[in-house]
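Working notes, structure below.
The values are calculated or read from the model by the stated rules, or taken from the named source; none is laboratory data. Here the structure is a predicted model, which means the values were calculated and not measured. Ideal geometry is used to build each Cβ from the backbone, glycine not excepted, and the neighbour counts take in all protein chains shown. Heads up: the accessible areas ignore ligands, DNA and RNA and are worked out on the full protein's heavy atoms, side chains in. Shrake-Rupley method; radii C 1.70, N 1.55, O 1.52, S 1.80 Å.
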Amino acid sequence: MDFAYTPEQEALRRDVRAFIEHNVTPAVLADDNIKVAAEDGEMRPTGRTGPLMKELYRRIGERGWLGIAYPKEYGGQGGDQLSQFIVEEEFMRAGVSIDLGGSGAPAILAAGTEEQKQYFIPRLINREVSFCLGFSEPHAGADLANLRCRAVPTADGYVINGQKIYTTAAHWATHIYLMARTDPSAPKHDGISIFLIPMDTPGITVRPLWTIQNSPGAPHGTTYGEARTNETFFDDLRVPKTALLGEENKGWGIGAAALNLDRVGAWRYLMSIRRDEDIVNWLKENRHGPEALANNAAIRDKVAELWTEAQVCRLMTMRSMSIVQRGGKFTYEGSAEKVWAPEHGVKTTEAITQMLGPYAQLLSTSPHAIEEGVFAHNVMGAFQSGVNHGSVQIMRDQIARRGLNLPSSRKSRKPQ
Ligand SMILES: Cc1cc2nc3c(=O)[nH]c(=O)nc-3n(C[C@H](O)[C@H](O)[C@H](O)COP(=O)(O)OP(=O)(O)OC[C@H]3O[C@@H](n4cnc5c(N)ncnc54)[C@H](O)[C@@H]3O)c2cc1C
């Protein structure tokens, strides 16, 4: 088995790096996720990009590096998963997000009508359209199939009433990818449908839900450093039939398959292993003097151990991508990756604060914080990764059922 990149892939990486060196300047980066003064006077990110960033995306698109693995007829390049991974990895390291992780694009491609694919996929690729994910509710988190948000069919569409929680990005996304119950008499995993709805449709109210990173704000480069997620309310929200994704009442299957696909890619991988790179770089840059941590045997041992575990994340990511490339179906593989990688990320962030000592626990506003407090903010952020996008406990249950063929622990669930 050969895990090395081909000469063409290495050349692509060099090309991307050269492009980044010339085009991704601090001014361009500052033009992303622009901050505005909120009600309390603090500057808060809006998720919007300015003209410099938009111009950068245009140039990246010109090079054929947006949506590489997506079909040409929908604005992609018809290329392979690994090339897409390489390009996304390089841009992410430079602080520019060009990936479609969590975008809903795989679900639309798999289950959308031709019209939906033609409309959404090219716009998602060039970032004209962005989705927030409306799955979780106050009574339906890990047990998502308990969701109560109700979509009642009418002659020309649906009327939706209910509430979502933790709708990250709902305050700036153009659309919501909404899961709602269309048949309350069906078993709870059935009777659920997915809708693609513009956020400016009357009947949607978004309220902020501030996170642990709210104050003081997390520095650039923090994993899960978002200050805000949201509660989203739907009051007699009227949507046309064309907003439905896939068949009515078949949303559970579409959502589950798409979530697996959304977990594959450079963003998920880097989110879990960036901390390993950060600490190695920090040790290399601070290696002078007899007391330098880089010379400490226990620290070298720990860093080597973490690095080895990070390579397992890489192999799991590569396996997931190869499944997608072959058009195969995930059974337990995506779940296994979603357990190993976030738990590794949590372990690394904790180990780093132990290695660097008490100063690494100071947050961004402290003048004594190391690297503007990024290590401390990473500790607070890392725990979220074990809960969101499918918690590690639920993922373990999926591995037990689908990977090991153990019986389902849920009595109401049909055997799979
Ligand atoms: C920062 C952040 C961003 C998020 N963004 C979004 C978003 O954009 N869109 C969206 O829809 N949701 C989002 N979520 C919600 C996320 O998907 C839920 O938090 C998650 O599904 C868990 O639900 P819960 O918080 O209600 O916890 P609960 O469901 O109450 O679970 C609490 C804990 O108990 C465990 N648990 C629950 N049931 C079982 C069981 N049967 N067996 C074993 N363990 C169990 C869970 O694994 C978890 O660790 C976000 C969450 C966070 C923290």
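Of A258, N214, T308, whose Cα points farthest to the positive end of the dipole of the range 200-318 (charges on the beta-carbon: +1 Lys, Arg; -1 Asp, Glu; origin at the Cα centre)? The Cα lying farthest towards the positive end belongs to T308. Projecting the Cα atoms of G246, T223, M380 onto the dipole axis of the chain, where Lys and Arg carry +1 and Asp and Glu carry -1 at the beta carbon, places G246 farthest toward the positive end.
Once you mark the trypsin sites (Lys or Arg not before Pro) that are in a DSSP loop and have at most 11 other Cβ atoms within 10 Å, what is the longest gap between them in the chain? Result for the longest clean stretch: 1-286.
Counting Lys and Arg as +1 and Asp and Glu as -1 over every other residue whose Cβ lies under 12 Å from the Cβ of G95, the net charge comes to -1. An oblate overall shape is assigned to the range 1-150, the ratio a/c of its alpha-carbon gyration tensor axes (a ≥ b ≥ c) being 1.5 or greater and a/b not exceeding b/c. When a 1.4 Å probe is rolled over the protein heavy atoms, the share of accessible surface on the chain that falls to carbon and sulfur comes to 54 percent. On the principal axes of its alpha carbon atoms, the range 192-244 extends 43, 21, 19 Å, with the longest extent given first. Dividing the Cα radius of gyration of the range 131-249 by its Kirkwood radius returns 1.02 for Rg/Rh.
Seen against the Cα atoms of the chain and their longest principal axis, helix 114-125 is set at about 20 degrees. Computed as a quarter of the hull surface, the mean projected area of the alpha carbon convex hull for the chain stands at 22.2 nm².
With Cα atoms as the point set, the range 250-378 shows a radius of gyration and Dmax of 17.9, 64 Å. Remark: the range 83-171 carries 37 Å² of accessible area per residue (probe radius 1.4 Å; ligands, DNA and RNA excluded).
Averaged over its residues, the range 264-416 has an accessible area of 52 Å² per residue, based on protein heavy atoms and a 1.4 Å probe.
Taking the charge dipole of the chain about its Cα centre, with +1 at Lys and Arg Cβ atoms and -1 at Asp and Glu Cβ atoms, the residue from G102, Q325, W267 reaching farthest to the positive side is Q325.
The alpha-carbon atoms of the range 214-301, seen along their principal axes, cover 69, 31, 17 angstrom, with the largest extent given first. To the nearest ten degrees, helix 333-356 and the longest principal axis of the Cα atoms of the chain are 40 degrees apart. The distance from the alpha carbon centre of the range 179-255 to that of the range 274-307 is 42 Å, rounded to a whole number.
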